[in-house]
Amino acid sequence: MERIFLNRAAAGRALARSLQAYAQRPGVVVLALPRGGVPVGFEVAMALHAPLDVLMVRKLGVPWQSELAMGAIASGGALHVDRRLMREAGVSDVQFESVLAEAQRELARREALYREYRPAADVAGRIAIVVDDGMATGATLLAALRALRALGEQAPAKLVAALPVAPVDAGRRLGDAADEFVCAMTPQVFFSVGQFYQDFGETTDDDVRALLGAAFTPPLP
């Protein structure tokens, strides 16, 4: 029988044990995908003695088929665009800019809600450990990693995708989007992330704000 995590905090502690190579290392930043990834990321950041921030991701959907992603934006101005899909779908530059502007407004609203007055973590040249509470299709995590890559000179020097649980082929799905993939558990039988948690209740906006406020935030060298 596959292991069941008590909750996201317990999953984060288990994941942190798999990330001990990054403990106490300068330049490490933990970026959690809200909302469920934040309790996991909090435990990882505490164990590694690293700063924690949220990595907001917003899909850029084709205007007439919003579930079809033609790109994504993420915290810090990261932008990933699938130009080939745009051409195939017939999305004009004007339509794309409209979708992008709306997504940027929503991203800014959510970042203001979660970070309050805290500035975004500087990821340029750092080791960014991107954390979520698990992976099913991997679409959100993949968008986050690709958006960080798109930062160019301001991108992290190394991207580590870190999850408590994911399907056995998760690493293949992510491909070269991450420099390293770390997962505490990769069960053979995988239906949903929630099946591996005893408590998989919703993480609220208040939970996210409280964890970010309590996180260890040393000055980066």
**Q.** Test item: Cα-centred dipole of the chain, Lys/Arg +1 and Asp/Glu -1 on Cβ, debye
**A.** 340 debye
Q) What is the spin-label model distance, in nm, from GLN24 to ALA139 if the labels are put 7 Å beyond Cα along the C-beta direction? A) 4.3 nm
(Q) From zero outward in steps of 5 Å, how is the percent of C-alpha pairs of the range 1-109 spread across the bins? (A) 2, 12, 18, 15, 12, 12, 12, 10, 7, 2, 0
Q: Report the one residue of LEU145, PRO167, TYR197 whose Cα lies farthest in the direction of the positive end of the charge dipole of the range 73-221 (charges on C-beta: Lys and Arg +1, Asp and Glu -1; origin at the Cα centre).
A: LEU145
Q | Distance cut-off 21 Å, percentage of C-alpha pairs in the chain lying past it | A | 53 percent
Q) Considering only DSSP beta bridges with both partners in the chain, what is the antiparallel share in %, to the nearest 5? A) 35 percent
**Q.** Neighbour-count order for ASP132, ASP206, fewest beta carbons within 10 angstrom listed first
**A.** ASP206, ASP132
Q. What is the range 69-153 by shape, rounded, prolate or oblate, if you read a ≥ b ≥ c off the alpha carbon gyration tensor as root eigenvalues and call it rounded for a/c under 1.5, prolate for a/b larger than b/c, and oblate otherwise?
A. prolate
(Q) Charges at C-beta only: +1 for Lys and Arg, -1 for Asp and Glu. How large is the resulting dipole of the range 58-115 about its Cα centre, in Debye rounded to 20? (A) 200 debye
Q: Would you mind working out the magnitude of the charge dipole of the range 101-192 relative to its Cα centre, with +1 at each Lys and Arg C-beta and -1 at each Asp and Glu C-beta, to the nearest 20 Debye?
A: 100 debye
Q: May I ask you to sort VAL130, VAL94, VAL208 by Cβ crowding, counting other Cβ atoms within 10 Å and putting the fewest first?
A: VAL94, VAL208, VAL130
Q) Any idea which of VAL62, TYR114, ILE73 is furthest toward the positive side of the dipole for the range 58-115, if Lys and Arg beta-carbons carry +1 and Asp and Glu beta-carbons -1? A) TYR114
Q) Over all distinct Cα pairs, what is the inverse of the mean 1/r for the range 58-115, reported as the Kirkwood hydrodynamic radius in Å? A) 11.6 Å
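Values quoted throughout were computed directly from the atomic coordinates according to the rules given, and no laboratory measurement underlies them. In this text the structure is predicted, and so the values were computed from the model without any measurement. Because the Cβ atoms are built from the backbone with ideal geometry, glycine has one as well, and the counts that use them run over all protein chains shown.
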